[in-house]
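**Q** Have a look at this one before I ask anything.
The values are calculated or read from the model by the stated rules, or taken from the named source; none is laboratory data. Note that this is a predicted model, so its numbers are computed, not measured. Reconstructed Cβ throughout: ideal geometry from the backbone, glycine too, with neighbour counts over all protein chains shown.
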Amino acid sequence: MVAPITTAASMCAFHNVVLATQNYGIKKGIKQGLGVKRGSCGGLQMKANAQNHNGDDKISKVVSKSSIRQNFTIRSYEVDANGIASIETLMNYFQSSIIDHCNTLGIHVDAAGSSKEMIKRNLVWVYSEMQVWIYRYPKWDDVVEVETWLSSEGKNAARFNWIVRDFKTNQMLNRASSVCVLMNKLTRRLSKIPVEVRREFESYLKNSRIIIEGDDKKIPKLDDTSADYICLDLKPRWSDIDINFHVNNAKYVSWILESIPESILMNYELSSLTLKFKRECKRDSKLQSLAEVCSDNNNNNNNNNVEYNHMLRSEDGVEILRGRTEWRLKPTNNFDIFNHDPEASIKDL
């Protein structure tokens, strides 16, 4: 009962992320340091980047009936100013791998990841929430192996799971998980999973331990008085829109990062990300990105990490997304300094 493609606020798209021109508003009393435009270069890689170093140009290894591994080479236009893969790039790899996964299983029919029974009913998968943990970022020209599998999540949802490893060393670099639900493309309303759709997917669902436990910590709703930083006049560009005229989910990450102070972007790196999608974002949407500092290295934080709450809203105040980001100081040697298990695999979950 799964095959991904969208966020509850957007359908996933096969487009590069392009940032619009912004005007920034900063709350009084907060140190200046936001009003610098930050470009991002995360692009979706399909067949050209899904390189298999064992001959197959798409799928590197079918681990089991429900688990597939796929290789990607980090390109120069997919890295940020630090020379490491951007978070948008990783988000796009997740999307690409799950689509190819479903295609390999024989249940993926169209570019939106819909099965035959879903197409009959005008249904698409949308993300309702997503979590990403990042232990180490791959660098330019690194080859990463993305393992994907599907699992059940209650009666009317599904979970997509990912582990990203260094292809050469097999070290775990990232892990991510998302909860997806069905939405009717015509009514724009969420739908229960029909029995016919469930039958298409149920034999491929892996009954395994959840790779990332749900984030039960409440993310507060922000407003002009509670937000420490506000980024104004965000608007999707044509290249952010997919075939269903919705915004690529990686774009949401770009938007919430626009409200992070430049001093944090220069000295810290993103270590975890939680997103909870509330509404769709369409071509004519005009958005604002709000951020609240909920912990920093000057506020009872012994590990020097920084944490922010986020909210995207439309200009008329309609809430689009809530999120939380955690940041750690950039290491001088970004290799093998985090406590991750190089042998971790789906078989261990």
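**Q** Pick from V132, V126: which is within 30 Å of E319 (Cα to Cα) and at pLDDT 95 or above?
**A** From the options V132, V126, the qualifying one is V132.
**Q** Output the residue which, of all residues in region 252-286 that are surrounded by fewer than 24 Cβ atoms within 10 Å (Cβ to Cβ) and touching a helix residue (DSSP H, G or I) at 6+ places or on another chain (Cβ under 9 Å), is farthest from R189 (Cα to Cα).
**A** It comes out as L265.
**Q** Then there is this: Could you please tell me which pairs satisfy a Cβ distance under 7 Å, a separation of 6+ or placement on different chains, a first residue in region 217-238 that is assigned to a strand (DSSP E or B), and a second residue that is hydrophobic (A, V, I, L, M, F, W, C)?
**A** Final answer for the pair search is Y229/I26; Y229/I30; Y229/L34; Y229/A291; I230/L290; L234/A20; L234/W255; L234/L287.
**Q** Still on this model: Out of the residues in region 233-251 that are among the aliphatic types (A, V, I, L, M) and under 23 Å from D316 (Cβ atoms), which is surrounded by the fewest Cβ atoms within 10 Å (Cβ to Cβ)?
**A** Among those residues, the one meeting the criterion is I241.
**Q** In addition: Within region 124-144, can one find any residue that is small (G, A, S) and surrounded by 23 or more Cβ atoms within 10 Å (Cβ to Cβ)?
**A** no
**Q** While we're here: Quick check: is even one residue across region 96-114 farther than 21 Å from L275 by Cβ, touching a helix residue (DSSP H, G or I) at 6+ places or on another chain (Cβ under 7 Å) and of a type in the set (D, E, K, R)?
**A** yes
**Q** With (1) at pLDDT 85 or above; (2) on the phi < 0 side of the Ramachandran plot; (3) not in a helix (DSSP H, G or I) as the list, and Y93 as the residue in question, which single condition is left unmet?
**A** All conditions are met except number (3).
**Q** Quick one: which of L186, L182 is of a type in the set (A, V, I, L, M, F, W, C) and out of contact with any helix residue (DSSP H, G or I) (no Cβ under 9 Å at 6 or more places or on another chain)?
**A** Result: L186 is the single residue among L186, L182 that is of a type in the set (A, V, I, L, M, F, W, C) and out of contact with any helix residue (DSSP H, G or I) (no Cβ under 9 Å at 6 or more places or on another chain).
**Q** Here's a follow-up. May I ask you to list the residues in region 239-280 that are assigned to a helix (DSSP H, G or I), of a type in the set (A, V, I, L, M) and touching an Asp or Glu at 6+ places or on another chain (Cβ under 8 Å)?
**A** Once the filter is applied, which keeps residues that are assigned to a helix (DSSP H, G or I), of a type in the set (A, V, I, L, M) and touching an Asp or Glu at 6+ places or on another chain (Cβ under 8 Å), region 239-280 yields A250, V253.
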